[in-house]
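The values are calculated or read from the model by the stated rules, or taken from the named source; none is laboratory data. Since the model is a prediction, treat every value here as computed from it, not as a measurement. Please note: Cβ atoms are built from the backbone with ideal geometry, for glycine as well, and neighbour counts cover all protein chains shown.
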Amino acid sequence: MQVTTLGIDLAKNVFQVHGVDAQGRQVFSKALRRSQLRNFVAQLPACRIGLEACGSAHYWARELQALGHEVRLMAPQFVKPYVKTNKNDRADAEAICEAVTRPNMRFVPIKTPDQQAVLALHRVREGQIKARTAQANQVRGLLAEFGIVVPQGMTTLFRELPGILEDAENGLPDLFRTLLADRLEELRRLDQAVKEQERQIQAWHRSHAVSRRLAEIPGIGPISATALVAAIGHARHFKNGRQLAAWMGLVPKQHSSGGQSNLLGISKRGDRYLRMLLIHGARSALLADQRRGEGGDPWLEGLRQRRCPNVATVALANKNARTVWALMAHDRTFDPGLRGAAA
């Protein structure tokens with residue numbers, strides 16, 4: 001029997017492999033060490049390989065594609081319904097093998113190394129921003145215990161801390177001054193690291209034509225544009241802009257039954273980071289348009305009058321996601337006059 005479909009349950013060291021023939025009958029199910037997987041798959045005839053979109057999945061997808069196989073990535077939540085027994089590696093590999101053969105299965109685009117590098121830069125930047133915020137909040141809390149309250153804002157904190165350290169009459173113990181000086185140095189290090197990562201993102205943005213086109217959309221800047229280009233890859237993987245917006249979780253969540261449609265809040269599925277960038281960018285674009293007064297966008301003005309600020313923000317984020325798909329899928333440049341004419 002010849003293997004036509006392969007399901008691989010990825011892991012750090014031991015991989016479970018499940019193979020079936022054209023009729024769906026099991027050919028083998030075995031565990032392989034990490035060093036054995038590539039050689040084993042290289043000996044098989046060209047077949048369809050299913051993987052869960054988890055850690056190291058994109059790397060293995062590229063490696064197995066280079067061996068001449070058709071590799072498909074699937075979200076884990078779409079594979080789970082095909083697990084027939086209790087969860088274990090054999091059952092997971094069999095479920096992956098079954099799920100990849102379904103004609104209506106949704107697949108995850110395989111990312112290139114360049115896309116993964118840009119997304120890694122975004123993830124590290126996001127983590128260091130969180131660490132910087134946590135350090136700043138901790139310093140504010142510690143100072144409040146000594147009766148010193150620093151106004152909000154990272155810039156204000158950097159400006160006030162040196163003066164607090166040099167003030168000999170504020171009653172701070174020497175031990176606490178030493179600790180505070182260390183925290184200030186740590187804050188400066190994190191702030192410098194964030195600025196360096198933003199510089200690298202800006203450099204990649206300037207060298208990428210698609211990213212520059214996306215940055216022309218109101219509410220999308222270099223940070224959002226680079227993250228969108230790296231995460232989406234080829235926009236043609238999505239049928240239309242509505243599917244892209246749904247992939248980002250910017251559409252209503254449905255809870256319908258008996259022919260009655262019930263729409264709730266946004267689904268919040270997909271990448272939380274991309275959704276956050278689009279919503280924050282939309283909020284900024286709405287505020288900027290409101291300051292223009294009569295010279296603003298009529299569509300946004302009508303949206304603000306009909307809906308509350310948060311709903312209007314998500315609506316604009318949804319619209320921007322669809323615009324992103326149109327620009328990427330059809331290789332177009334953003335035309336604000338076209339939007340005004342349509343409104």
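Only one of Asp174, Asp182 is at pLDDT below 95, of a type in the set (Asp, Glu) and surrounded by fewer than 18 Cβ atoms within 10 Å (Cβ to Cβ). Can you tell me which?
Values: Asp182 fails: at pLDDT below 95.
Step by step, each of Asp174, Asp182 is checked, and only Asp174 is at pLDDT below 95, of a type in the set (Asp, Glu) and surrounded by fewer than 18 Cβ atoms within 10 Å (Cβ to Cβ).
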Worksheet item: For region 36-95, which residues satisfy the criterion of being more than 25 Å from the chain's Cα centre (by Cα), part of a helix (DSSP H, G or I) and of a type outside the set (Gly, Ala, Ser)?
Response: Gln36, Leu37, Arg38, Asn39, Phe40, Val41, Tyr82, Asp89, Arg90, Asp92, Glu94
Fill in: Cβ-Cβ under 7 Å pairs, at least 6 apart or on other chains, region 324-343 side surrounded by fewer than 11 Cβ atoms within 10 Å (Cβ to Cβ), far side modelled with pLDDT of 90 or more
Thr333/Arg213
Practice prompt. State whether one or more residues within region 298-307 are more than 22 Å from the chain's Cα centre (by Cα), buried (at least 16 other Cβ atoms within 10 Å of the Cβ), touching a residue at least 60 places away in the same chain (Cβ under 8 Å) and in a helix (DSSP H, G or I).
Written response: no
Response to the item:
Every listed condition ((1) in contact with a Phe, Trp or Tyr (Cβ under 9 Å, 6 or more places away or on another chain); (2) crowded, with 16+ Cβ neighbours inside 10 Å; (3) closer than 30 Å to Val194 by Cβ) holds for Arg132 save (1)
Worksheet item: Got at least one residue in region 316-334 being in a helix (DSSP H, G or I), touching a Ser or Thr at 6+ places or on another chain (Cβ under 9 Å) and within 25 Å of Pro76 (Cα to Cα)?
Response: no
Worksheet, complete the sentence: Restricting attention to region 268-297, the residues that are under 29 Å from Trp247 (Cβ atoms) and assigned to a helix (DSSP H, G or I) number exactly 18
Discussion item. Between Arg291, Arg236, Arg283, which is closer than 25 Å to Arg72 by Cβ and in the same structural domain as Ala321 (by TED's automatic domain parsing)?
Written reply: Arg236
Worksheet entry | Where Val17 falls short, out of the listed (1) under 30 Å from Gln243 (Cβ atoms); (2) touching a residue at least 24 places away in the same chain (Cβ under 8 Å); (3) of a type in the set (Val, Ile, Thr) | (1)
Discussion item. Out of everything in region 132-147 that is out of contact with any helix residue (DSSP H, G or I) (no Cβ under 6 Å at 6 or more places or on another chain) and of a type in the set (A, V, I, L, M, F, W, C), what residue ends up being farthest from Pro162 (Cα to Cα)?
Written reply: Ala134
